[in-house]
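The values are calculated or read from the model by the stated rules, or taken from the named source; none is laboratory data. Here the structure is a predicted model, which means the values were calculated and not measured. Here the Cβ positions follow ideal geometry from the backbone for every residue, glycine too, while neighbour counts run over all protein chains shown.
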Amino acid sequence: MAAASLTALRRRLWTTSLPELFVLLLAALPRLWRLEYHSIWFDEAISLNWARLGPAHIWSGTFQLLRDKHPPAYYLALHYWQTLLGWFGAGQSDAALRIFGVLIGILMVWGVLRLVTQLSGRTAGLIAGALTALAPVLVWYSQELRMFQPAATAIVWAAYFLVAARQHMPPHGASPGRSAAPVRLLCWFGLAATLLLALYSYLYAAFFLPGLGLSVFLLARRNTSFNRRYVLEAIAAFAVVALLFLPLARSAWTVNSASSPSGAAFAGFLPNLWRQLHIFTVWYTGWPSSVRTAAILFFALLVLAGLLLPGDRRRDTRPLLWLWIGAPLLIGSALLATNAAIFREDRYFLFLAPFVLWTAARGVSALGRWQPSAGALSGLVALALLAASLPVLWTPPLFRENWRAAADYISAYQEHSPRAAAAALVHPYFLLPALDWYLRQQPAAAKMPVYGNFNAPLTSEQAESLIAAHLHDLAAPNGADTLWLVQSHLAGVDDHRLVQSWLDGRFPLVTEQYPAGVEMRGYAVRYRYQALPALSDTAVHPQAQLFPGVELTACEITTPAVPARDVLYHPPSGWVHLRLWMRKSEEVSEAPPLFALVQAGDGQIWGRSLERPGDVLSVYPPTTWQPNEFVRVELDVNLNALAQPGAYNVKIEAEGQPGVPCGTVQIE
């Protein structure tokens, strides 16, 4: 009796839309998870930089593909989304901006549900939708402010509209009828609109066109009939798309042929197929290589089953999948002859992911027809593998360029130096938008001068001409005491770090910080003062002798709270940063080594300052200090990662001397 009731309940649920809603919820949850965990990285900052411009500037600046290699459609869409968010005061929110991609990612899953259900039935549609919902690579790019996910979503819906137009064609030999014509017209309009959106967002979407076009002839055939009207209407729709895409295609061909290194056609074809399957399924996992290989092999078997095993009584989708997956891969492999970077990045063929996952879902269905328990088990394993691959997406190993951390550190440093000006030099210059995005949101650094002077490849011959000419003017911008050199993407621009070397040779080093993908070096442009400047409210004033002839006048802890374990700046341990103000009270005959300690209440040492060549004490040793001047010295204390949370004492010591207390730091 209970079993019969349960069966009846399942049947009632199956007749509702709840299974589809569950799949869409499955898509929404991971895409909405921790939207602000990852910093906006360089590519996303470029998207935001374009989006802040008006539509006319976006179109004119990107259509020729000279100032940016991507067409304007995504930048325009992001511009209007950011404008909408601005009405609610959320135009600068990472999470709010990324919801745009989240919605597009959910829209892709809905498109897969509808497309696969229409061609292969509801069960296959739900399996394909669930796999697409949980695929880590699709979740990742749904949370990124770039055009790859929107283009992939547009392609899925283009395929859907092509199939839907065929479904609304009258049977062979029947009169056309008027009721289906408006719906079919909407389908053709949807096909043209989504294809143009994909093409004008991401150029590689063009690789999908030949396979989609050829599939018209497969879709036109049903049983023993061939619908010529459908073919003619499809040709007309594709002709409109081709006509409107032609100007952009000409620009793309010109730019690609002029700037891309050539390779060999079909080089590494089978390894490329394996790599693409890896990307589309378990992607980054952190699993042992044997486990990862086994998981990819499992999906490879499902895909092969989906491509080879016979279909059900509905339309056999195998020829469509061979076209829609195979044609772009063959085209891309052939074009390796003109562009060796066709398969370089994981995201380049992202638009194939939903179709590969659909093929895997078809493999699950095929196994289920052979043996229901085998189908159910393979489907559950596939979903479990994808779900188990998701958590790594929100962990430090997947940090790209942590510009938020870079800006936070500069801002915190400036917050604890309210009366000491600072400036930043971003190198190369095109990284300015990435740092600016976060720096301008920080009150302490909102008005800090930020410069970007170098772009073209630098040579050693330019060190005293181009570099010096630019950097002499930046030595003390607006009377700055500290200059931050923020670097990333130096390859091909400054391979020998000439800008850094020029600064190293002229200014003492204050600190070094290493957010993911970014390097930061602080330089003391000014470190000698005739009078002690006004210090932060938290400064300690020991006014005690460090060693004969030198007094520690004041001490500032610019990082009052620090985690013992650090994942942002220099894993695995945190650094405490100190700013010391010292002066010569009498002649100094010898300057012993100086260091800082972090100690527990029982005297146990849990951190010691780093020895850093090029700091103030090595550039300007105490034996050369002038009477009545104050010297700014800065130290980084490397913590023991095992230090327990709590308040710790900070002490400055000179070798052989008792040391001077310098306040407390909170270890978190």
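When restricted to residues that are buried (at least 20 other Cβ atoms within 10 Å of the Cβ) and hydroxyl-bearing (Ser, Thr, Tyr), the range 57-115 contains 3.
When you look at residue 451, is it touching a residue at least 60 places away in the same chain (Cβ under 8 Å) and under 30 Å from the mean Cα position of the chain (by Cα), yes or no? Before the answer, list the steps.
Numbers: touching a residue at least 60 places away in the same chain (Cβ under 8 Å): no; under 30 Å from the mean Cα position of the chain (by Cα): yes.
Criteria not met by residue 451.
Only residues that are crowded, with 16+ Cβ neighbours inside 10 Å, in a loop (DSSP other than H, G, I, E, B) and either hydroxyl-bearing (Ser, Thr, Tyr) or free of Cβ contacts under 8 Å to residues at least 12 places away in the same chain (or both) were counted across the range 518-539, and they come to 2. Among the conditions (1) farther than 19 Å from residue 413 by Cβ; (2) in a loop (DSSP other than H, G, I, E, B), the only one that residue 465 does not satisfy is (2).
Pick from the range 467-514 the residues that are of a type outside the set (Gly, Ala, Ser) and over 33 Å from the mean Cα position of the chain (by Cα): which of them is modelled with the highest pLDDT? Outline the logic, then answer.
Start the filter on the range 467-514 by keeping residues that are of a type outside the set (Gly, Ala, Ser), which leaves 467, 470-474, 477-478, 481-487, 489-490, 493-500, 502-504, 506-514.
So of that shortlist, the ones also over 33 Å from the mean Cα position of the chain (by Cα) come out as 472-473, 478, 481, 506-508.
Values: 472: 74, 473: 69, 478: 57, 481: 88, 506: 89, 507: 92, 508: 95.
In this case the residue turns out to be 508.
Looking only at the range 252-267, filter to residues that are more than 27 Å from the chain's Cα centre (by Cα) and not aliphatic (A, V, I, L, M); which one of those is modelled with the highest pLDDT? Steps first, answer last, please.
Residues of the range 252-267 that are more than 27 Å from the chain's Cα centre (by Cα), as a first pass: 253-254, 257-258, 262-267.
Checking the rest, the ones that are also not aliphatic (A, V, I, L, M) come to 253-254, 257, 262-263, 266.
On the way: 253: 78, 254: 73, 257: 56, 262: 81, 263: 83, 266: 93.
So, considering only residues that are more than 27 Å from the chain's Cα centre (by Cα) and not aliphatic (A, V, I, L, M), the one modelled with the highest pLDDT is 266.
Listed here are the residues, each with its yes/no results for (1) in contact with a helix residue (DSSP H, G or I) (Cβ under 9 Å, 6 or more places away or on another chain); (2) of a type outside the set (D, E, K, R); (3) under 25 Å from residue 486 (Cβ atoms).
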site	(1), (2), (3)
46	yes, yes, yes
65	yes, yes, no
84	no, yes, no
87	no, yes, no
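Is it the case that some residue within the range 378-400 is without any contact (Cβ under 8 Å) to a residue 60 or more places away in the chain, more than 30 Å from residue 50 (Cα to Cα) and over 26 Å from the mean Cα position of the chain (by Cα)? Yes, there is a match, as at least one residue in the range 378-400 is without any contact (Cβ under 8 Å) to a residue 60 or more places away in the chain, more than 30 Å from residue 50 (Cα to Cα) and over 26 Å from the mean Cα position of the chain (by Cα).
Residues in the range 494-511 that are surrounded by 21 or more Cβ atoms within 10 Å (Cβ to Cβ), of a type outside the set (A, V, I, L, M) and closer than 13 Å to residue 460 by Cβ: 494 alone. Suppose the filter is over 18 Å from residue 194 (Cα atoms), modelled with pLDDT of 95 or more and among the hydroxyl-bearing types (Ser, Thr, Tyr); does residue 132 pass it? Yes: the conditions hold for residue 132. Comparison of 539, 524, 564, 544 shows that the only residue that is in contact with a Phe, Trp or Tyr (Cβ under 7 Å, 6 or more places away or on another chain) and either more than 30 Å from residue 459 (Cα to Cα) or small (Gly, Ala, Ser) (or both) is 524.
In the range 297-312, the qualifying residues are those that are more than 36 Å from the chain's Cα centre (by Cα) and surrounded by fewer than 14 Cβ atoms within 10 Å (Cβ to Cβ), and the one that is modelled with the highest pLDDT is 308.
Checking each residue in the range 273-295 for being assigned to a helix (DSSP H, G or I), surrounded by fewer than 17 Cβ atoms within 10 Å (Cβ to Cβ) and of a type outside the set (Gly, Ala, Ser) picks out 273, 274, 275, 291, 293.
Which count do you get for residues in the range 239-251 that are surrounded by fewer than 19 Cβ atoms within 10 Å (Cβ to Cβ) and either without any contact (Cβ under 8 Å) to a residue 24 or more places away in the chain or not polar (S, T, N, Q) (or both)?
We begin by selecting, within the range 239-251, every residue surrounded by fewer than 19 Cβ atoms within 10 Å (Cβ to Cβ); these are 239-240, 242-244, 246-247, 249-251.
Subsequent filtering for residues that are either without any contact (Cβ under 8 Å) to a residue 24 or more places away in the chain or not polar (S, T, N, Q) (or both) retains 239-240, 242-244, 246-247, 249-250.
Qualifying residue count for the region: 9.
Residues in the range 266-292 that are among the small types (Gly, Ala, Ser) and closer than 11 Å to residue 389 by Cβ: 286 alone.
Test residue 514 against the criterion of being touching a Pro at 6+ places or on another chain (Cβ under 8 Å) and within 22 Å of residue 414 (Cβ to Cβ), and give yes or no. No: the conditions fail for residue 514. The single residue among 18, 35 that is among the aliphatic types (A, V, I, L, M), crowded, with 17+ Cβ neighbours inside 10 Å and within 30 Å of residue 117 (Cβ to Cβ) turns out to be 35. Out of curiosity, is residue 371 without any contact (Cβ under 8 Å) to a residue 12 or more places away in the chain, farther than 30 Å from residue 204 by Cβ and more than 26 Å from the chain's Cα centre (by Cα)? Spelling it out, residue 371 is indeed without any contact (Cβ under 8 Å) to a residue 12 or more places away in the chain, farther than 30 Å from residue 204 by Cβ and more than 26 Å from the chain's Cα centre (by Cα).
Could you check, for the range 116-126, whether at least one of its residues is closer than 25 Å to residue 303 by Cβ, outside any helix (DSSP H, G or I) and out of contact with any Ser or Thr (no Cβ under 7 Å at 6 or more places or on another chain)?
Initially, the range 116-126 is screened for residues closer than 25 Å to residue 303 by Cβ, giving 116-126.
When the remaining residues are screened for being outside any helix (DSSP H, G or I), the result is 121.
Those still in the list that are out of contact with any Ser or Thr (no Cβ under 7 Å at 6 or more places or on another chain) too: 121.
Yes, the range 116-126 has at least one match.
Out of 515, 542, report the one residue that is touching a Cys at 6+ places or on another chain (Cβ under 9 Å), in contact (Cβ under 8 Å) with a residue 24 or more places away in the chain and not in a helix (DSSP H, G or I). Going through 515, 542 in turn, just one is touching a Cys at 6+ places or on another chain (Cβ under 9 Å), in contact (Cβ under 8 Å) with a residue 24 or more places away in the chain and not in a helix (DSSP H, G or I): 542.
Give me the helices (runs of 4 or more DSSP H) completely within the range 9-102, filtered to those with at least 3 residues that are more than 17 Å from the chain's Cα centre (by Cα), ordered by residue number.
Numbers: elements: 18-32, 42-51, 55-62, 73-86.
Filter on the range 9-102 gives 18-32, 55-62, 73-86.
For every residue, the table says whether it meets (1) within 30 Å of residue 99 (Cβ to Cβ); (2) touching a Lys or Arg at 6+ places or on another chain (Cβ under 9 Å); (3) buried (at least 24 other Cβ atoms within 10 Å of the Cβ).
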| position | (1), (2), (3) |
| --- | --- |
| 138 | yes, yes, yes |
| 146 | yes, yes, no |
| 182 | no, no, no |
| 190 | yes, no, no |
| 219 | no, yes, no |
| 222 | no, yes, no |
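Please determine whether any residue of the range 584-596 is of a type in the set (Ser, Thr, Tyr), in contact with a helix residue (DSSP H, G or I) (Cβ under 8 Å, 6 or more places away or on another chain) and farther than 19 Å from residue 514 by Cβ.
Taking the range 584-596 and keeping what is of a type in the set (Ser, Thr, Tyr), we get 585, 589.
After this cut, where a residue has to be in contact with a helix residue (DSSP H, G or I) (Cβ under 8 Å, 6 or more places away or on another chain) as well, the list is 589.
This time we only want the ones that are farther than 19 Å from residue 514 by Cβ, so: 589.
Yes, because at least one residue in the range 584-596 is of a type in the set (Ser, Thr, Tyr), in contact with a helix residue (DSSP H, G or I) (Cβ under 8 Å, 6 or more places away or on another chain) and farther than 19 Å from residue 514 by Cβ.
Taken together, 412, 407 contain a single residue that is part of a helix (DSSP H, G or I), free of Cβ contacts under 8 Å to residues at least 40 places away in the same chain and either surrounded by 14 or more Cβ atoms within 10 Å (Cβ to Cβ) or not assigned by TED's automatic domain parsing to the domain that holds residue 488 (or both), which is 407.
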